[in-house]
1. So what is the diffusion coefficient of the chain in µm² per second by Stokes-Einstein at 20 °C and 1.002 mPa s, using a Kirkwood Rh over Cα pairs?
2. What nm value, rounded to one decimal, do you get for the distance between Ala53 and Ile23 when each label is placed 7 Å out toward the C-beta?
3. Give a residue-ordered list of calculated ³J(HN,Hα) values for segment 5-22 (Karplus: 6.51 cos²θ - 1.76 cosθ + 1.60, θ = phi - 60°; whole Hz; x for Gly, Pro).
4. What list of ³J(HN,Hα) values in whole Hz, one per residue of segment 26-31 in order, does the Karplus curve 6.51 cos²θ - 1.76 cosθ + 1.60 (θ = phi - 60°) give from phi, with Gly and Pro shown as x?
Amino acid sequence: MNMNQFIKMMIRMVTNRLLNRGIRRANAPRPGSRQSPQQRAREQAARAAVKRARQAARITRRLR
């Protein structure tokens with residue numbers, strides 16, 4: 001790995017982290033604000049999807 005590749009890799013890592021932090025912060029709920037029913041339903045659906053994905057990962061690990 002030459003110096004140019006190393007610099008590109010480091011810049012890409014820093015950029016991705018900053019971008020992810022900005023996206024998470026933009027989507028985070030404001031302190032003291034109440035959730036709408038649509039937001040609550042969306043969060044519940046996301047939690048259920050994560051739960052199913054983890055369960056599927058556990059099952060596939062057992063099958064290997």
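Readers should treat all values here as calculations from the given coordinates under stated rules, not as data from a laboratory. Since this is a predicted model, take the numbers as computed values, not measurements. Glycine also receives a Cβ, built like all others from the backbone with ideal geometry; neighbour counts cover every protein chain displayed.
1. The calculation lands on 137 µm²/s.
2. Roughly 1.2 nm, to one decimal.
3. Going residue by residue, I get 5, 4, 5, 4, 4, 5, 4, 5, 5, 5, 4, 4, 5, 5, 5, 5, 4, x Hz, with x marking Gly and Pro.
4. Residue by residue, segment 26-31 yields 5, 8, 5, x, 6, x Hz.
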